[in-house]
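Everything below concerns the one structure shown next.
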Amino acid sequence: SIRPFSEIPGRWKNSLGNLYTFWKLDGFRNIHHIMVHNFNTFGPIYREKIGYYESVNIISPEDAAILFKAEGHYPKRLQVEPWISYRDYRNRKYGVLLKDGEDWRSNRVILNREVISPKVQGNFVPLLDEVGHDFVARVHKKIERSGQNKWTTDLSHELFKYALESISAVLYGERLGLLLDYIDPEAQHFIDCITLMFKTTCPMLYIPPTLLRRLGSKVWKDHVEAWDGIFNQADRCIQNTYRQLRKQSGTPGKYPGVLPSLLMLDRLSIEEIKASVTELMAGGVDTTSITLLWTLYELSRHPDLQEELRAEVTAARAASQGDTVKMLKMVPLLKGALKETLRLHPVAVSLQRYITEDIVIQNYHIPSGTLVQLGLYAMGRDHHVFPQPELYLPSRWLRNESHYFRSLGFGFGPRQCLGRRIAETEMQLFLIHMLENFKIEKQRQVEVRSTFELILLPEKPIVLTIKLL
Ligand code: HEM
Ligand code: 2DC
């Protein structure tokens, strides 16, 4: 018989005590490891309450399927409270990231057409391909200057610039020029603000930001400063595009970018467009750059795999005869590598939904309205779900092993990542260009773990050596 909600195992009775233990364990930065530990202790389902934040946690793909079937017509994930507080504080509109209900859906449907529908990918490819070219040219220059046929570096800063250049090209149809020698201080400030914004979000997931605000705490002030920097920079870019559009200075026939398309479509208000475009710009930097960094790290640790991927890319280049869109359809192992990176190093530690109907998971009754979290990091490393989970094996995504609810790095369904198509295209093109030009090698055998700064990041710098082929 089905067991009641109150019998789900876990520590959910003393929320303040849990917050204290969590804090002592440095839980803010280790949430992913704590989740793995909890699944090991309690099994495939547990309940938890830390501070004001209560949830049921699950780990298996079959349970994820039940969860997403109960997400309803307006899927709602955990609200990141400090992000909401900032918008309210500064009187700024929510974009698609923070909206809910019909308001979310009506905006999302319009954005989908311009950002994630298969028909727009072809528009993004030439823009992103050019950025990929420029990145390679920049690395060539760095190698030349080193006088050693190689360049050893922590690539993260270069990757942040690559990602910002890419997302800006797609959003505004224009190049910022971040891959040139001159470093634009405004762009660098924007990048720093995003990092600070993510970092200062973490403690406020568990302590109400409105309380921290009244206490005049540093973390709230830093958070406000970070978002102010993000919005100011995005406003400048948006104003710029808007002015140019009014002057009608676009080239006929050329894809103008996401923002001009939205403005010309005229189905969202300017304020709504601004809010969502700012979210796309801010969401487009750390996510793809860190995933690429992890991928290069894995390639450096697996030289044979790197050769195999290079062979796939070379063959696809030859067979596609200059048609880059076609080429992207001929690199399944490369796509497997990106899935494998997100399995071991997901950007999001969990996926969450408030369920809109009663469900039964692991034979426990869960009432409608409950926040249910799928432990994405824990699932990716669970040997019940992935045989030999510790191995980086892109080919596991080609074999007919079950992929049922296993590839969830971008989330699921109508509320999945809006930037998914851009992110995938950008990352595939980056890797294609890198593999065609360079060999990636590692320093020593170092195992790098993840740390939670709202998104999961490498706990220490990853130093790689890039060599001419
Ligand atoms: C939402 C992952 C890149 C913008 C999400 C979600 C995940 C995710 C897991 C939540 C989905 C859900 O709840 O089902 C990733 C990963 C990325 C990436 C792994 C890259 C490797 C990007 C980029 C952008 C972006 C490049 C912007 C261009 C967004 C937005 C949402 C979102 C706006 C909220 C969508 C909504 O609520 O309707 N992302 N993301 N992401 N992402 Fe991404
Ligand atoms: C963080 O417990 C851990 O894609 C929390 O591009 C639950 C949670 C809720 C929402 C998740 C967040 C986690 C991680 C970062 C995500 C976010 C939704 C969107 C966001 C996954 C798992 C992200 C990085 C967006 C950010 C866009 C923003 C900068 C404008």
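The HN-Hα couplings worked out from phi for segment 393-405 by the Karplus form 6.51 cos²θ - 1.76 cosθ + 1.60 (θ = phi - 60°) are 10, x, 5, 5, 7, 9, 5, 8, 4, 5, 9, 4, 6 Hz, whole numbers, x standing for Gly and Pro.
Exceedance of the 21 Å cut-off in Cα-Cα distance is limited, within the set Lys142/Lys329; Lys49/Lys93; Lys329/Lys439; Lys142/Lys439, to Lys142/Lys329; Lys49/Lys93; Lys329/Lys439. Note on Arg317 and Ser217: the model spin-label points, each 7 Å out from Cα along the C-beta direction, lie 5.2 nm apart. Taken over the chain, the alpha-carbon convex hull comes to 154 cubic angstrom per residue.
Expressed as a whole percent, how much of the Cα-Cα distance distribution for segment 151-195 exceeds 12 Å?
63
Rounded to the nearest 500, the helix-only mean residue ellipticity at 222 nm of the chain stands at -17500 deg cm²/dmol, with each DSSP H run of n ≥ 4 adding -39,500 (n - 2.57). Compared with the alpha-carbon gap, the fully stretched path from Thr195 to Arg92 is longer by 35.0 nm at 0.36 nm per residue. Think of segment 57-175 as a dipole: +1 on every Lys or Arg Cβ, -1 on every Asp or Glu Cβ, centred on the Cα centre; then among Ser168, Val120, Ile110, Ser168 lies furthest on the positive end.
Bridgeable lysines around Lys99 (alpha carbons under 20 Å apart, same-chain partners fewer than 8 residues away excluded): Lys76, Lys274.
Given the peptides 121-134, 335-348, arrange them by the average over their residues of other C-beta atoms within 10 Å, most packed first.
Highest mean packing first, the order is 335-348, 121-134.
Net length available on complete extension from Tyr182 to Ser269 is 27.7 nm, with 0.36 nm assigned per residue and the Cα-Cα distance removed. Under the criterion of Cα pairs below 8 Å and six or more residues apart, the relative contact order for the chain equals 27 percent.
Determine, for each peptide in 38-44, 286-292, 406-412, the mean count of other beta carbons within 10 angstrom over its residues, then list the peptides with the highest first. Each step should come with its number before you reach the end.
Details: 38-44: 15.4, 286-292: 23.6, 406-412: 19.0.
Put in order of decreasing packing, that is 286-292, 406-412, 38-44.
When a 1.4 Å probe is rolled over the protein heavy atoms, the share of accessible surface on segment 348-394 that falls to carbon and sulfur comes to 51 percent. Taking 0.890 mPa s as the viscosity and 25 °C as the temperature, the Stokes-Einstein diffusion coefficient of segment 202-241 based on its alpha-carbon Kirkwood radius rounds to 217 µm²/s. In terms of distances greater than 19 angstrom between alpha carbons, the cross-link table entries Lys141/Lys161; Lys161/Lys326; Lys199/Lys221; Lys141/Lys467; Lys150/Lys442 yield Lys161/Lys326. Counting heavy atoms of the protein chains alone, Ser217 has an accessible area of about 20 Å² for a 1.4 Å probe. Compute the FRET efficiency between Ser402 and Lys119 as 1/(1 + (r/R0)^6), taking r as their Cβ-Cβ distance and R0 = 30 Å, and round to the nearest 0.05. FRET efficiency, Ser402 to Lys119: 0.50. For segment 397-469, the fraction of 1.4 Å probe accessible surface lying on carbon and sulfur atoms is 49 percent. Can you work out the base-10 log of I(q)/I(0) for segment 24-136 at q = 0.11, 0.13, 0.15, 0.24 1/Å, using the Debye formula on its C-alpha atoms alone? After summing over all Cα pairs, the log10 values are -0.67, -0.88, -1.03, -1.26. Which of rounded, prolate, oblate describes segment 284-347, given a ≥ b ≥ c as roots of the alpha-carbon gyration tensor eigenvalues and a/c under 1.5 marking rounded, otherwise prolate only if a/b is larger than b/c? Here segment 284-347 falls in the oblate category. Each Lys and Arg Cβ is given +1 and each Asp and Glu Cβ -1; about its Cα centre, the chain then shows a dipole of about 280 debye.
Of all aspartates and glutamates in the structure, those lying under 20 Å Cα to Cα from Lys13, and not within fewer than 8 positions of it along the same chain, are Glu48, Glu54. Pull out a ≥ b ≥ c, the square roots of the eigenvalues of the alpha-carbon gyration tensor of segment 165-302, then state rounded if a/c is under 1.5, prolate if not and a/b is larger than b/c, and oblate in the remaining case. Oblate, because a/c is 1.5 or more while a/b does not exceed b/c. As an equivalent ellipsoid, segment 116-191 spans semi-axes of 25, 15, 10 angstrom, where each value is the square root of five times an eigenvalue of the C-alpha gyration tensor, largest first.
Across the accessible surface of segment 20-171, with the other protein chains kept in place and a 1.4 Å probe, carbon and sulfur atoms take up 52 percent. Among the protein heavy atoms, those of Leu25 account for about 100 Å² of accessible surface (1.4 Å probe, every chain in place). Only beta bridges with both residues in segment 1-160 are counted; by DSSP, about 75 percent of them are antiparallel. Here segment 368-469 is treated as a sphere whose radius is the Kirkwood value from Cα pairs; by Stokes-Einstein at 4 °C and 1.567 mPa s it diffuses with a coefficient of 76 µm²/s. With the largest listed first and rounded to whole Å, the semi-axes of the equivalent ellipsoid of segment 230-370 from the Cα gyration tensor are 34, 31, 16. When each of the peptides 141-150, 303-312 is scored by the mean number of other C-beta atoms lying within 10 Å of its residues, the order from highest to lowest reads 303-312, 141-150. Distance distribution P(r), segment 417-469, all Cα-Cα pairs, bin width 5 angstrom from 0: 4, 15, 14, 17, 24, 19, 6, 1 percent.
The values are calculated or read from the model by the stated rules, or taken from the named source; none is laboratory data. Just so it is clear, the model here is predicted, and its values are computed rather than measured. With ideal geometry, Cβ positions are generated from the backbone for all residues, glycine too; neighbour counts draw on all protein chains shown. Remember, those area values only see protein heavy atoms, side chains included, never the ligands or the DNA or RNA. Shrake-Rupley method; radii C 1.70, N 1.55, O 1.52, S 1.80 Å.
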